[in-house]
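Read-outs: derived from the displayed coordinates by stated rules, not from any lab. This one's a predicted model, so the numbers in the text were calculated from it and none came from an experiment. As a convention, Cβ positions derive from the backbone with ideal geometry for all residues, glycine included, and neighbour counts pool all protein chains shown.
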Amino acid sequence: MSRRWPALVLVVALLVGGLLLTGDGGEDDAGRPTDPATLLPVAAPADALGSVWFCAGQTAGDGTMADGTVVVANVGDASAVGRIEVVSEAGTRAGRALEVPARTTRRVRVADVLEAEWASARVEVDGGTVVVEHEVVGPRGRDVAACQTTASERAYLPSGATTRDATMRLAIYNPYPDAATVDLAFATTDARRRTPSDFQGLPVAAQSMIVVDVTPVVTVVPVAAATVTTRRGRVVVERIQTYDGEGASTTEEEADAEAYRPDGLALTPAVSDPRPVWSFPAGVRSAVAHERVVVFNPGDEEAEVEVEVALEDPARNGTVGPFPLTVPAGEFASLALDEAGSVPEGLTHSLVVRSVDGVPVVAERWIDAAGEEASYVGVATSTGSPVAAPRWAFASGRRAADEERGRVVVTNPGDAEVTVAVTAVGDGQEVPVPGGRVTLAPGARHEVELDDLEGARLSLVVEASGPVVAERRLMAQGAAGADDEEGEQGRGASVAVGIPLPPGLRPLR
């Protein structure tokens, strides 16, 4: 079977790159391609020969800051076989065969394939309906994010921090047989565009990866929006962000005014294409959770943006917003939801970031939970979704009920009512999630609790009668910052949109 991989990789690259897809593509009003499969990770179509997934950034070893595990879920009816290949920053490589029966999830710890300070993984599978995520865990917490299905010439990350309590690293992975060269640029809080000479013309050898520590070069900024541009080649980019919980203040006066001191680990895949609309179904505001939205405008025209907030049960709780933001060309703007007095505490909500003049932007939402009264400690980031789809999947479900609470949140962005069903997949079976079947009116949202779901680490599938957006929220269970028996997983929070399953994808408008 190994002789088939080069041909398989080429065919899959064409499929997920949009060259062979039909029906969902086209152009937007500005003439930009709108093939949804290029806008975020998307599972291969049912008639594809297979799929390839790229998991750019994790460490690989006991006690490391972001020890990685690749989670491969086959949510279809046919078996899948394949291979996981791991490459370290030092250039060492190793691989392992995979077999993933129908409706089964396989977890592969990266360090069990190759121990390394930093590593990237590539998963190639033949058959099945496969989605891939990777989990990272370390002393500062845990996060889960989708692996990518395309590499790109540009990659955007709207936020990130290099304050005294933070570290910001970019993992840049070149999975292809030709070398790549990249330039890094940053828009920072002081409205400057920084292009450090140390970060220009960085070589990324064929089928290799590098990790760039941004913190000591773009110093002491609470927000640094990153752009990675290739001079040649294509790359996959992820940000690994940590906070130590000590706060960013450098004086006693600043410390007295510092309301939130983030503490956690966040893994965030970069976005390859700005879009005018981004959806974030799983927002939450409470006395101990600080939620903010950062909107980055990498283009040459100023963008007028509105952040729309949809509260749970609007008939009972009413409506708020929208909140306007002006985002200058090449800069970013942010909105702190807990400082917007009209967003009530104790209610979950969904957000839509909409460029009212159509100028494409990239958005990211942060939820920081910390403090003695918090039931969990963590930093959760998400770049949301620019597309809607009738079917979504999450490779990684919640851990055991006494370790983690979980929710899947579904929103209906369309003009027609849709029916939704959420099921759990694992051990060759598919079972309904309690409370997972619901009818959603246009603009409505619904949260499905995973706490009553029997079993742990099950994959999840969302199926609807029309296009929806689905996002998963995971929160550590127990006392704030408590450790479990492994000594490092008692803290953590994660929010991420699912992986769409074709067909029926469409860009949000």
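Structure data summary
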quantity: Hz values of 3J(HN,Hα) by residue in the range 223-237 - Karplus curve (6.51, -1.76, 1.60), Gly and Pro given as x; calculated: 9, 9, 7, 9, 10, 10, 10, 8, 6, 8, x, 9, 9, 10, 10
quantity: Label corresponding to Cα Rg over 2.2 N^0.38 Å when calculated from the structure given, among (i) 0.89; (ii) 1.17; (iii) 0.94; calculated: (i)
quantity: Extension gain, Thr251 back to Arg457 (0.36 nm per residue minus Cα-Cα distance, nm); calculated: 69.8 nm
quantity: Asp213 paired with Ala400, simple spin-label distance in nm, labels 7 Å along Cα-to-beta-carbon; calculated: 3.6 nm
quantity: Karplus (6.51, -1.76, 1.60) ³J(HN,Hα), θ = phi - 60°, over the range 121-132, in Hz, Gly and Pro reported as x; calculated: 10, 10, 10, 10, 10, 10, x, x, 10, 10, 10, 9
quantity: Alpha-carbon centroid distance for the pair the range 376-437 / the range 216-267, whole angstrom; calculated: 28 Å
quantity: Low-density loop cleavage sites - trypsin sites (Lys or Arg not before Pro) in the range 378-412, where at most 16 other Cβ are within 10 Å (DSSP); calculated: none
quantity: Charge sum, other residues only, whose C-beta stays under 13 Å from Ser208's C-beta, Lys/Arg counted +1 and Asp/Glu -1; calculated: -1
quantity: Inter-site label distance for Val431 and Arg316 at 7 Å from Cα along Cβ, in nm; calculated: 2.9 nm
quantity: Theoretical ellipticity at 222 nm over the chain - DSSP helices of four or more residues, -39500 (n - 2.57) apiece, nearest 500; calculated: -1000 deg cm²/dmol
quantity: Förster radius 45 Å - calculated FRET efficiency between Asp112 and Val220, Cβ distance, rounded to 0.05; calculated: 0.75
quantity: Residues Ser375 and Asp47, FRET efficiency given R0 of 30 Å [Cβ-Cβ distance, rounded to 0.05]; calculated: 0.05
quantity: Per-peptide average of other Cβ atoms within 10 Å, ordering 58-66, 105-113 highest first; calculated: 58-66, 105-113
quantity: Ranked packing of 145-151, 186-192, most packed first, by mean Cβ within 10 Å; calculated: 145-151, 186-192
quantity: Ala94-Thr439 pseudo-label distance in nm [points 7 Å out on the Cα-to-Cβ vector]; calculated: 5.5 nm
quantity: Gain in span if fully extended, Ala191 to Asp415, counting 0.36 nm per residue against the direct Cα distance; calculated: 76.7 nm
quantity: Cβ crowding within 10 Å averaged over residues, with 77-89, 278-290 ranked highest first; calculated: 278-290, 77-89
quantity: Net charge of Cβ neighbours under 11 Å - reference Ala464; Lys, Arg +1; Asp, Glu -1; calculated: 0
quantity: Distant-in-sequence amide H partners of Val221 (H built 1.01 Å from N, under 5 Å); calculated: Thr162, Thr163
